[in-house]
Amino acid sequence: MTSFSFFSKIFSFFILCLFTFSTRPLLGQYNTDEKKATFYLDLCKKYSPDAFEILNSDTTHSFVEYATDGTTIFSLLNDIGTVVHETCHGYNFKLGFADGWGHNGYFISTTCKIACPKEHFFNSSALNTVVPSEVQKKIFRYDLYVSGESKNSSTLEGVYGFTDEFTAYYHGSKIYIELLPFYETLCPYTDATCWADNYLSKFQSTLYAYYEFRLFIAWYLEYAEVHEKKIFDELIGNQNLRIAFTLVESQYKKLIDDYFFKRQQIVEKLTAAGNKIVIKKEYISIVKENGSNGYGIPDETIAYLKSLYTPEEETMLGRFRVKGVTLSNFTQMMH
């Protein structure tokens, strides 16, 4: 080996290492709570006014406790949906309490915050008697929020708690859609694994929460109309609660449509860059010479959850919605 060849290889190796370190988040970059909080706040301030307001509502920045995955950019991004989701619960509580004891709050957007009286309710585990056990087992979030295994607000407070979770899951999903331009600075379209593993599969389960919580609310209302008529009448008469549900539902649906549109764009760009991508059932797979790697997507679960909706569920949700309410006119329609 000539000295020129040896030094040429050393130089090439040095350039490769430099490129790798300059294009990948560095280990330990955010190794303190203060650095994590600053990262989240700065990122949300740039890309998501809603998420920024949610996080900024926590003046102690205790939201960093939900960032458990590590100290790199990608690890913090893995947790950002959970960080926004959990902090949204706290902000909802503050919005409700500000309107008086016994009120629930729902943060929809920076220009739409709704409080409503929290009246009577029954435990959501009552639905165990009407939802077939095989269906219960197939719904990912049924045990946690309905069955009674956990003592959270959805289990204890029915539609009031379901709407709180509905709102939190919406914002926890929305932040990822809004961060697409930021991911484009981290993942080149030549790197399909980066996109599939760090982006497309990271928030796929929170997307189908939209279908789960609409089912839970419909089932709860159907049960209440038959077995708890007084509570049913209170829920139907709670205009502000119904407005909050209607607005979150419409915004969440737009978000899901946007996900599928943007996913198609990402796949097209990955394919144009030389990757072979296959989408089938619940996986997006990257095909390589020695096999393929699959990453979760929500399609099959969404299809199953949609199959559970009967005309009765759709009719009940239609009765619960407030017809004609929008983010522009909601204040005129509130009680």
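Read-outs throughout are calculated quantities, based only on the coordinates presented, and are distinct from any laboratory measurement. Quantities reported herein were computed from a predicted structural model and do not represent experimental measurements. Note that each Cβ is placed from the backbone with ideal geometry, even for glycine, and that neighbours are counted across all protein chains shown.
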Please work out how much length the chain gains when fully extended from Glu134 to Ser307, using 0.36 nm per residue of separation minus the C-alpha to C-alpha distance, in nm with one decimal.
60.9 nm
Got a sec? Charge dipole of region 29-333, +1 on Cβ for Lys and Arg, -1 for Asp and Glu; which of Cys112, Ile297, Ser328 is way out at the positive end?
Ser328
Express in nm, to one decimal, how much length is gained between Glu289 and Thr185 on full extension, taking 0.36 nm for each residue of separation and deducting their alpha carbon distance.
34.7 nm
Do any of Lys36/Lys269; Lys35/Lys253; Lys118/Lys229; Lys229/Lys253; Lys174/Lys276; Lys46/Lys269 go past 22 Å between their Cα atoms, and which?
Lys36/Lys269; Lys35/Lys253; Lys229/Lys253; Lys174/Lys276; Lys46/Lys269
Hz values of 3J(HN,Hα) by residue in region 320-328 - Karplus curve (6.51, -1.76, 1.60), Gly and Pro given as x:
7, 5, 9, 5, x, 6, 9, 5, 8
Residue-wise, which Karplus ³J(HN,Hα) couplings in Hz belong to region 284-295, taking 6.51 cos²θ - 1.76 cosθ + 1.60, θ = phi - 60°, and x for glycine or proline?
10, 10, 9, 8, 10, 4, 9, x, 8, 10, x, 10
Pick out, in residue order, every one of the trypsin sites (Lys or Arg not before Pro) in region 221-298 that is DSSP loop and has at most 12 other C-beta atoms within 10 Å; say none if there are none.
Lys281
Phi angles of region 140-154, converted by Karplus (6.51 cos²θ - 1.76 cosθ + 1.60, θ = phi - 60°) into ³J(HN,Hα) in whole Hz with x for Gly and Pro, give 3, 9, 5, 4, 5, 10, 10, 5, x, 5, 10, 9, 9, 5, 5
Quick one: which residues, 5+ away or cross-chain, put their amide H under 5 Å from the amide H of Val322? H built at 1.01 Å from N.
Thr246
Let's see if you can work this out: charge +1 on each Lys and Arg Cβ, -1 on each Asp and Glu Cβ, no other charges. What is the dipole magnitude of the chain about its Cα centre, in debye to the nearest 20?
800
Ordered by number, the trypsin sites (Lys or Arg not before Pro) in region 150-227 that occupy a DSSP loop and have at most 11 other Cβ atoms within 10 Å are Lys151
By how many degrees, 0 to 90 and rounded to 10, does the Cα axis of helix 3-23 deviate from the longest principal axis of the chain?
10
The chain: radius of gyration and largest Cα-Cα distance (Dmax), Å
22.9, 90
Extension length gain for Phe260 and His227 (0.36 nm per residue less Cα distance), in nm, is 8.0 nm
How far is it, in nm, from the label point at Arg319 to the one at Phe97 when both lie 7 Å from their Cα along the line to the Cβ?
3.6
Helix-only mean residue ellipticity at 222 nm, the chain, DSSP H runs n ≥ 4 weighted -39,500 (n - 2.57), per residue, nearest 500. What is it?
-18500 deg cm²/dmol
What is the distance in Å between the Cα centroid of region 30-59 and that of region 278-333?
28
Here, chymotrypsin sites (Phe, Trp or Tyr not before Pro) of region 82-115 satisfying both criteria (DSSP loop; at most 16 other Cβ within 10 Å) are Trp101
